[in-house]
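The values are calculated or read from the model by the stated rules, or taken from the named source; none is laboratory data. Note that the structure is a prediction, hence the values are computed from the model and not measured. Virtual Cβ from ideal backbone geometry, glycine too; neighbours counted across all protein chains shown.
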Amino acid sequence: MIAPQHIHPMLVHFPIVFVFVLAAFDLAATVRGYSVTGRNSVGNVSTGLAIMAAASAVAAYFFGDMALSIAEDKGFSSQVAEIHEGLGMSVAAVLSAWAVIRAALWFFDARIRGIAAAIFPLAAAGAASLVATTAYYGGQLVFDLGVNVAKAATLN
């Protein structure tokens, strides 16, 4: 059985990939004049990516919270962990809200075009920036502080 604190590092890669692909996809589609909303092939892909980014971010946050609790039970404490946890909660909330908006636009077949369509790649890029910042602090936890990882052997 996989230790609960090891599930978080496996899951975090999904929202990272989904949100960056969403940002690139929305930008490319919008520049080419396609609507990324509504019930069309482009809207289906874009909305699906937004929903998968949100679902995977919520799962990553849930297991991240569990991993932090396990680390703290073992005596770990760090301001970096608190920053990472807060950012993770923000990512899960922002991506979930964005997924609900995107799902509603898809459900009602609202096809937004023109200058208003620029909000979609911009919002996805903003979400990607938030995810990247969260990942930076997560990397500090693992690579600088070694939280929930075995100590690496030193080579002389």
Selection from segment 78-114 of residues that are at pLDDT below 95 and either under 14 Å from ALA54 (Cβ atoms) or loosely packed, with under 13 Cβ neighbours inside 10 Å (or both): GLY114
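Quick one: which of ALA135, ALA118 is modelled with pLDDT of 95 or more, of a type in the set (Gly, Ala, Ser), out of contact with any strand residue (DSSP E or B) (no Cβ under 8 Å at 6 or more places or on another chain) and over 20 Å from ILE7 (Cα atoms)?
Values: ALA135 fails: over 20 Å from ILE7 (Cα atoms).
Within the list ALA135, ALA118, the selection yields ALA118.
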Given (1) among the hydroxyl-bearing types (Ser, Thr, Tyr); (2) part of a loop (DSSP other than H, G, I, E, B); (3) under 23 Å from TYR137 (Cα atoms); (4) in contact with a helix residue (DSSP H, G or I) (Cβ under 7 Å, 6 or more places away or on another chain), number of the condition SER35 does not satisfy: (3)
Residues that are farther than 20 Å from ILE2 by Cβ, surrounded by 20 or more Cβ atoms within 10 Å (Cβ to Cβ) and polar (S, T, N, Q), drawn from segment 36-58: THR37, SER46, THR47
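If I filter segment 59-77 down to residues being closer than 17 Å to THR133 by Cα and out of contact with any Asp or Glu (no Cβ under 8 Å at 6 or more places or on another chain), which single residue comes out as surrounded by the most Cβ atoms within 10 Å (Cβ to Cβ)? Outline the logic, then answer.
The first filter runs over segment 59-77 and keeps only residues closer than 17 Å to THR133 by Cα, leaving 60-61, 64.
Now restrict to residues that are out of contact with any Asp or Glu (no Cβ under 8 Å at 6 or more places or on another chain): 60-61.
On the way: ALA60: 27, TYR61: 25.
Filtering segment 59-77 for residues that are closer than 17 Å to THR133 by Cα and out of contact with any Asp or Glu (no Cβ under 8 Å at 6 or more places or on another chain), the one surrounded by the most Cβ atoms within 10 Å (Cβ to Cβ) comes out as ALA60.
Suppose the filter is in contact with a Phe, Trp or Tyr (Cβ under 7 Å, 6 or more places away or on another chain) and in a helix (DSSP H, G or I); does ALA127 pass it? Steps first, answer last, please.
Numbers: in contact with a Phe, Trp or Tyr (Cβ under 7 Å, 6 or more places away or on another chain): yes; in a helix (DSSP H, G or I): yes.
Answer is yes for this residue.
If a residue must be touching a helix residue (DSSP H, G or I) at 6+ places or on another chain (Cβ under 6 Å), hydrophobic (A, V, I, L, M, F, W, C) and part of a helix (DSSP H, G or I), how many such residues does segment 1-20 contain? It would help to see each step written out before you state the result.
If we filter segment 1-20 for residues that are touching a helix residue (DSSP H, G or I) at 6+ places or on another chain (Cβ under 6 Å), which is where we start, we get 4-5, 7-8, 11-12, 14-16, 18-20.
If we keep only those that are hydrophobic (A, V, I, L, M, F, W, C) as well, we get 7, 11-12, 14, 16, 18-20.
Still in the list and also part of a helix (DSSP H, G or I): 7, 11, 14, 16, 18-20.
Adding up the residues that qualify gives 7.
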Checklist (1) under 30 Å from VAL149 (Cα atoms); (2) part of a helix (DSSP H, G or I); (3) touching a residue at least 24 places away in the same chain (Cβ under 8 Å); (4) not aliphatic (A, V, I, L, M) applied to PHE76, failing item: (2)
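Of these, ASP65, ASP26, which one is over 22 Å from VAL142 (Cβ atoms), out of contact with any Cys (no Cβ under 7 Å at 6 or more places or on another chain), part of a helix (DSSP H, G or I) and of a type in the set (D, E, K, R)?
ASP26
Could you check segment 87-111 and list, in sequence order, the residues that are assigned to a helix (DSSP H, G or I) and more than 13 Å from the chain's Cα centre (by Cα)? Even if it seems obvious, please write down each step before you answer.
Our first condition is that a residue be assigned to a helix (DSSP H, G or I); within segment 87-111, this holds for 87-107.
Those that are assigned to a helix (DSSP H, G or I) and more than 13 Å from the chain's Cα centre (by Cα): VAL100, ILE101, ARG102, ALA103, ALA104, LEU105, TRP106, PHE107.
Among ALA28, ALA24, ALA99, ALA116, which is of a type in the set (A, V, I, L, M, F, W, C) and touching a residue at least 24 places away in the same chain (Cβ under 8 Å)? Before the answer, list the steps.
Details: ALA28 fails: touching a residue at least 24 places away in the same chain (Cβ under 8 Å); ALA24 fails: touching a residue at least 24 places away in the same chain (Cβ under 8 Å); ALA116 fails: touching a residue at least 24 places away in the same chain (Cβ under 8 Å).
Just a single option satisfies the conditions, and that option is ALA99.
How about segment 9-20: which of its residues are crowded, with 17+ Cβ neighbours inside 10 Å and either among the β-branched types (Val, Ile, Thr) or closer than 25 Å to ALA123 by Cα (or both)?
In the first step, residues of segment 9-20 are kept if they are crowded, with 17+ Cβ neighbours inside 10 Å; the result is 9, 11-12, 15-16, 18-20.
Across segment 9-20, the qualifying residues are LEU11, VAL12, PRO15, ILE16, PHE18, VAL19, PHE20.
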